[in-house]
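Peer 1: Before we start, here is the structure in question, set down as structure tokens.
The values are calculated or read from the model by the stated rules, or taken from the named source; none is laboratory data. Values in this document were obtained by computation on a predicted structure and should not be read as measured data. Heads up, the Cβs are rebuilt from the backbone with ideal geometry, glycines too, and the neighbour counts pull from every protein chain shown.
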Amino acid sequence: MAMKMRATGLSEDAVFEALEEFGRNDLDVNAGGTFAYIYDAGPDVDRIAKRAYTRYLTENALDPTVYPSLLRFENEIVAMAISHLNGDAEVVGNFTSGGTESCLLAVKTARDYFREIRPEITAPEIILPVTAHAAFQKAAQYFCLKPVLVPVDSATFKADPEAIRAAITPNTIQIVASAVSYAHGVVDPIEDIAAIARENDLLFHVDGCIGGFMLPFWKRLGEPVPPFDFSVPGVTSMSMDFHKYAYCPKGASVILQRGKHLRRHQIFTCSNWTGYTVINPTILSTKTGGPMAACWAVLNYLGDEGYMRIAARMLDATKKIRAGIEAMDDYEILGDPELCLIAFTSDTLSVFPVIDEMKKRGWFIQPQLGFYGSRENIHLSIDQASLDRADAMLADLAECTEIVKAKNEQLVPDDIKAFVKGLTPADFTPELFQDFMKMLGSAESGALPEGTSEINELLNVMDPDVAKKALTEYMNELYVPPKHNAAD
Ligand SMILES: *Cc1c(COP(=O)(O)O)cnc(C)c1O
């Protein structure tokens, strides 16, 4: 039987002791040693965000007429986002729980808008450069659209306008591009793609989830940032996250639409059930006011000046780390990153064990698998907090690289690699997966493997559709209800 709720409650102290105990093995959020997941603007911003978040934790944004405070937070945050991205009076928007929700809404809105204006399209398609965030493939899957993946330039990793043009069919409804792309940190040629969208009467979403907020600050610092926002005619919607490089607590993003005629199709309304009237401009219904209050608080606490200070530190950190990696013979940076997201690969060693070695020293850096001409690589999301530890990180990276080279270990035997490479999605069964997990020393359900090099080596050679099945299986095994302990 699965674990049950306890019969009598714990004391407040016991609850918090348990919370601390649970968190003992978590990634340390404030150590400046993480190059993914965490955006750390320092203890003052952290304190203010938490205070604002808890102040509005119990308010419910389900009904903005009952909580005018929440409506005001949202409208002010959206207004700031529109100004930041050069939107005119036509642009409208909503606060969402994150980049994925913003991207989902961009696609759902396009689908429903086209159902109205072009009802003859019954099998709609969206064009996605392979560098577009996975959230758009999620949207295509959820909303039953066909994702049409197109290759990007093999040297710059930027979307290729001609490949996009060639992918347009009578069923195409929307094109997506990034400013910047997560994987390589580059800005797609937004003006060229926007022109193609306009010529073909298509919607065009620019995903500024990770880059949209910081790019304008870097531009003012003298970096060459091409036009990427609503100043470009033909850009019909944008997403921008506050919970990344705007340093707001998680659960904060916006979806912006060029016109209420589009946004109308974003809104879900239900007046034909027996309960209260439901009118949701975004996906969630009941939701806490915490994230929007905290977002408003951080934006207003830092202001333009505060963000310029942070942007300058991020730029310094990026320049330093990039130069350090470029100086190492073993590594090559993929493309020419235009923001603080750097991907680098190697001809002389496998990058995956370097990640494991770095982890032993308290650095969290992210693997990216090879796909469509983008070789397997190490990804760094550089933060303003990275600046103070950039030298230490580079020194450790150099040492870990030497360790991996000296070991010269073959992580996975050639015959297993060849077997895995030859697998088709039809071959892949849950039983096969269990055998593999046993072989890799993580037989127990829910146990996280120590190092991930072997797994990444295998995933990297697999057919992406087989890897997809393997990863789904992995997650399906990770979430298992703990057993009931009779002693409790
Ligand atoms: C992070 C990210 C997303 C998805 O955002 P979440 O907040 O993780 O849901 C979408 N697009 C890009 C470019 C991103 O970096």
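Peer 1: Looking only at the range 187-210, how many residues end up being aliphatic (A, V, I, L, M), closer than 17 Å to residue 239 by Cβ and touching a Gly at 6+ places or on another chain (Cβ under 9 Å)? Break it down stepwise before answering.
Peer 2: Narrowing the range 187-210 to residues aliphatic (A, V, I, L, M): 187, 190, 193-197, 202-203, 206, 210.
After this cut, where a residue has to be closer than 17 Å to residue 239 by Cβ as well, the list is 187, 190, 193-194, 197, 203, 206, 210.
With touching a Gly at 6+ places or on another chain (Cβ under 9 Å) added as a condition, the list becomes 187, 190, 193-194, 197, 206, 210.
So the answer is 7.
Here's the yes/no breakdown for (1) over 20 Å from the mean Cα position of the chain (by Cα); (2) modelled with pLDDT of 95 or more:
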| site | (1), (2) |
| --- | --- |
| 318 | no, yes |
| 322 | yes, yes |
| 328 | yes, yes |
| 331 | yes, yes |
| 334 | no, yes |
| 337 | no, yes |
| 344 | no, yes |
| 350 | yes, no |
| 366 | no, no |
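Peer 1: Still on this structure: Out of the residues in the range 219-229 that are buried (at least 21 other Cβ atoms within 10 Å of the Cβ) and of a type in the set (A, V, I, L, M, F, W, C), state the one that is farthest from the ligand (Cβ to nearest atom). If you could, list the steps in order and put the result at the bottom.
Peer 2: The initial filter retains those residues of the range 219-229 that are buried (at least 21 other Cβ atoms within 10 Å of the Cβ), namely 225, 228-229.
Next cut, of a type in the set (A, V, I, L, M, F, W, C) only: 225, 228.
Working: 225: 16, 228: 12 Å.
Among those that are buried (at least 21 other Cβ atoms within 10 Å of the Cβ) and of a type in the set (A, V, I, L, M, F, W, C), it is 225.
Peer 1: Additional query: I want to confirm something. Restricting to the range 236-262 and keeping residues that are part of a loop (DSSP other than H, G, I, E, B) and touching a Lys or Arg at 6+ places or on another chain (Cβ under 7 Å), which single residue is nearest to the ligand (Cβ to nearest atom)? Steps first, answer last, please.
Peer 2: Step one: filter the range 236-262 for residues part of a loop (DSSP other than H, G, I, E, B), giving 236, 242-252, 259.
Narrowing the set further to residues that are touching a Lys or Arg at 6+ places or on another chain (Cβ under 7 Å) leaves 236, 243.
Details: 236: 17, 243: 6 Å.
Per the criteria, the residue is 243.
Peer 1: Name the residue, out of 204, 217, 213, 230, that is within 19 Å of residue 136 (Cβ to Cβ) and of a type in the set (Phe, Trp, Tyr).
Peer 2: Details: 217 fails: within 19 Å of residue 136 (Cβ to Cβ); 213 fails: within 19 Å of residue 136 (Cβ to Cβ); 230 fails: within 19 Å of residue 136 (Cβ to Cβ).
Only one candidate passes the filter, namely 204.
Peer 1: Could I ask something else about it? In the range 152-166, is there at least one residue being touching a His at 6+ places or on another chain (Cβ under 9 Å), of a type in the set (D, E, K, R), closer than 19 Å to residue 379 by Cβ and away from the ligand (no atom under 11 Å from the Cβ)?
Peer 2: There is at least one residue in the range 152-166 that is touching a His at 6+ places or on another chain (Cβ under 9 Å), of a type in the set (D, E, K, R), closer than 19 Å to residue 379 by Cβ and away from the ligand (no atom under 11 Å from the Cβ).
Let's see how each residue does on (1) touching a Gly at 6+ places or on another chain (Cβ under 7 Å); (2) aliphatic (A, V, I, L, M); (3) at pLDDT 95 or above:
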residue: 82; (1), (2), (3): yes, yes, yes
residue: 103; (1), (2), (3): no, no, yes
residue: 106; (1), (2), (3): no, yes, yes
residue: 114; (1), (2), (3): no, no, yes
residue: 129; (1), (2), (3): no, no, yes
residue: 136; (1), (2), (3): no, no, yes
residue: 143; (1), (2), (3): no, no, yes
residue: 147; (1), (2), (3): no, no, yes
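Peer 1: Can you list the strands (runs of 3 or more DSSP E) lying wholly within the range 295-393 that have 2 or more residues being crowded, with 17+ Cβ neighbours inside 10 Å? Please lay out each step first, then the result.
Peer 2: On the way: elements: 331-333, 341-346, 366-368, 377-381.
In the range 295-393, 341-346, 366-368, 377-381 are the strands (runs of 3 or more DSSP E) which contain 2 or more residues that are crowded, with 17+ Cβ neighbours inside 10 Å.
Peer 1: Also, I was wondering about something else. Just wondering, is there one or more residues in the range 14-27 that are crowded, with 18+ Cβ neighbours inside 10 Å and assigned to a helix (DSSP H, G or I)? Give the steps one after another, and end with the answer.
Peer 2: If we filter the range 14-27 for residues that are crowded, with 18+ Cβ neighbours inside 10 Å, which is where we start, we get none.
No, because not a single residue in the range 14-27 is crowded, with 18+ Cβ neighbours inside 10 Å and assigned to a helix (DSSP H, G or I).
Residues checked against (1) more than 16 Å from the ligand (Cβ to nearest atom); (2) at positive phi; (3) among the aliphatic types (A, V, I, L, M):
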| residue | (1), (2), (3) |
| --- | --- |
| 53 | yes, no, no |
| 58 | yes, no, no |
| 62 | yes, no, yes |
| 71 | yes, no, yes |
| 81 | no, no, yes |
| 94 | no, no, no |
| 98 | no, yes, no |
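Peer 1: Does residue 110 meet the test of being small (Gly, Ala, Ser), modelled with pLDDT of 95 or more and within 15 Å of the ligand (Cβ to nearest atom)?
Peer 2: Details: small (Gly, Ala, Ser): yes; modelled with pLDDT of 95 or more: yes; within 15 Å of the ligand (Cβ to nearest atom): no.
No.
Peer 1: For the range 179-218, what are the residues that are away from the ligand (no atom under 15 Å from the Cβ), aromatic (Phe, Trp, Tyr) and either in a loop (DSSP other than H, G, I, E, B) or crowded, with 24+ Cβ neighbours inside 10 Å (or both)? So that I can check it myself, show each step before the final result.
Peer 2: Taking the range 179-218 as the starting set, the residues that turn out to be away from the ligand (no atom under 15 Å from the Cβ) are 189, 191-204, 216-218.
Pick out the ones that are also aromatic (Phe, Trp, Tyr) and you get 204, 217-218.
Within the range 179-218, just 204 meets the criteria.
Peer 1: How many of the residues making up the range 231-286 are of a type in the set (Gly, Ala, Ser), out of contact with any strand residue (DSSP E or B) (no Cβ under 9 Å at 6 or more places or on another chain) and touching a residue at least 12 places away in the same chain (Cβ under 8 Å)? Can you show your working first?
Peer 2: In the first step, residues of the range 231-286 are kept if they are of a type in the set (Gly, Ala, Ser); the result is 231, 234, 237, 239, 246, 251-253, 259, 271, 275, 285.
Subset that is out of contact with any strand residue (DSSP E or B) (no Cβ under 9 Å at 6 or more places or on another chain): 231, 275.
Still in the list and also touching a residue at least 12 places away in the same chain (Cβ under 8 Å): 231.
Looking only at that region, the number is 1.
Peer 1: When both residues are 6+ apart or on different chains and their Cβ atoms are under 6 Å apart, which pairs have a first residue that lies in the range 208-219 and is under 11 Å from residue 185 (Cα atoms), and a second that is basic (Lys, Arg) and within 11 Å of the ligand (Cβ to nearest atom)?
Peer 2: Between residues of the range 208-219 that are under 11 Å from residue 185 (Cα atoms) and residues that are basic (Lys, Arg) and within 11 Å of the ligand (Cβ to nearest atom), the close pairs are 210/244.
Peer 1: Is there a residue being within 15 Å of the ligand (Cβ to nearest atom), charged (D, E, K, R) and not in a strand (DSSP E or B) anywhere in the range 133-150?
Peer 2: yes
Peer 1: Is there any pair with a first residue in the range 120-137 that is free of Cβ contacts under 8 Å to residues at least 60 places away in the same chain and among the acidic types (Asp, Glu) and a second that is away from the ligand (no atom under 16 Å from the Cβ) and part of a loop (DSSP other than H, G, I, E, B) whose Cβ atoms are under 8 Å apart and which are 6 or more apart or on different chains, and what are they?
Peer 2: 125/145; 125/169; 125/171
Peer 1: Another question about this same structure. When residue 266 is evaluated against the numbered criteria (1) part of a helix (DSSP H, G or I); (2) in contact with a helix residue (DSSP H, G or I) (Cβ under 8 Å, 6 or more places away or on another chain), which criterion, by number, is the only one it fails?
Peer 2: Condition not satisfied by residue 266: (1).
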